[in-house]
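Taking it in order: structure first as structure tokens, then the write-up.
The values are calculated or read from the model by the stated rules, or taken from the named source; none is laboratory data. Note that the structure is predicted; figures quoted are calculated from it, not measured. Note that each Cβ is placed from the backbone with ideal geometry, even for glycine, and that neighbours are counted across all protein chains shown. When the accessible area is computed, the model is the full protein with side chains, heavy atoms only, and any ligands, DNA or RNA have been set aside. Shrake-Rupley method; radii C 1.70, N 1.55, O 1.52, S 1.80 Å.
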Amino acid sequence: MTAAFVRTSDHTIAELFLKRWSPRAFSGEVLDKATLFSLFEAARWAPSANNSQPWRFIYALRDSEHWPLFLGLLNENNQRWASNAGALVVLISKTTHVRKGADEATPLRSHALDAGAAWASLAFQAEHEGLRTHAIGGFDRSRAVEVLGIPEGYHVNVAIAVGRQAERSSLPDDLQGREQPNERKPLREIVAEGRFSF
Ligand SMILES: Cc1cc2nc3c(=O)[nH]c(=O)nc-3n(C[C@H](O)[C@H](O)[C@H](O)COP(=O)(O)O)c2cc1C
């Protein structure tokens, strides 16, 4: 068993939403490119403001020449477990867009929101394919800009570890205790009818 706690919902939802979670124990198997691209394909179909599609994905497959560079971007604590992922992805978003009929680019307020939708699509497609994902905010964004050659006008959102889940026992002792799906706030704390009332 890798997880003792089983998530349940108060309302009926598709199983995929309850099953997805972010483990740290990955198997160390390299992900094949076709599988990784099926995740990007799912992300590609996410909705975005004006269909601007501001998301861009930069990836490294485990054991490729790019892998050490990507892994080196992560904070030490994240490297400890993400080193066993099958691929690492950096998700950036274009902060401006040219509206239909306009000549000049204007700020795209929703670029991060849109990138978030793409990340969620990627994560759920991974779950659908029996893979697991773990988003990582703890990494060096300035260094990512530098070493990944990201030009101005892009925002670095998040790194994402993708791979096959392994047994909790494969983790260092101190990480094993955290290796289970967590809970969520009740709906009454996050949903209001008519007016802000939290
Ligand atoms: C933007 C973002 C940044 C995150 N950064 C980290 C991180 O640096 N290290 C880590 O172990 N988990 C990180 N996580 C994972 C979250 O802690 C996790 O998604 C959250 O606790 C909900 O758990 P679940 O994904 O298992 O449902 C991050 C998640 C997101 C969406």
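Could you check GLU146 against (1) over 19 Å from the mean Cα position of the chain (by Cα); (2) under 16 Å from LEU74 (Cβ atoms); (3) of a type in the set (Asp, Glu); (4) within 14 Å of the ligand (Cβ to nearest atom) and say which number it fails?
For GLU146, the failing item is (4).
Taking the condition of being within 11 Å of the ligand (Cβ to nearest atom) and part of a helix (DSSP H, G or I), how many residues in segment 90-123 meet it?
6
Filter segment 58-89 for residues that are assigned to a strand (DSSP E or B) and either closer than 25 Å to ARG168 by Cβ or open to solvent by 10 Å² or more (accessible area, probe 1.4 Å) (or both) and give the result.
Of everything in segment 58-89, those that are assigned to a strand (DSSP E or B) and either closer than 25 Å to ARG168 by Cβ or open to solvent by 10 Å² or more (accessible area, probe 1.4 Å) (or both) turn out to be ILE58, TYR59, LEU61, LEU74, ALA87, LEU88, VAL89.
Give the residue, chosen from GLU146, GLU127, that is of a type in the set (Asp, Glu), outside any loop (DSSP other than H, G, I, E, B) and within 24 Å of VAL6 (Cβ to Cβ).
Just a single option satisfies the conditions, and that option is GLU127.
Out of all the residues in segment 126-140, which are open to solvent by 40 Å² or more (accessible area, probe 1.4 Å) and within 12 Å of the ligand (Cβ to nearest atom)?
Those that are open to solvent by 40 Å² or more (accessible area, probe 1.4 Å) and within 12 Å of the ligand (Cβ to nearest atom): GLY137, ASP140.
Of the conditions (1) in contact with a strand residue (DSSP E or B) (Cβ under 9 Å, 6 or more places away or on another chain); (2) assigned to a helix (DSSP H, G or I); (3) in contact (Cβ under 8 Å) with a residue 24 or more places away in the chain, ILE160 fails just one. Which one is it?
(2) is the only condition that ILE160 fails.
So HIS155 fits all but one of (1) more than 15 Å from the ligand (Cβ to nearest atom); (2) open to solvent by 20 Å² or more (accessible area, probe 1.4 Å); (3) in contact with a Ser or Thr (Cβ under 7 Å, 6 or more places away or on another chain); what number is the exception?
Only one criterion is unmet by HIS155, namely (1).
As an exercise: evaluate PRO181 against (1) out of contact with any strand residue (DSSP E or B) (no Cβ under 8 Å at 6 or more places or on another chain); (2) under 24 Å from PRO68 (Cα atoms); (3) within 16 Å of the ligand (Cβ to nearest atom); (4) not aliphatic (A, V, I, L, M) and give the number of the one condition it does not meet.
Every listed condition holds for PRO181 apart from (2).
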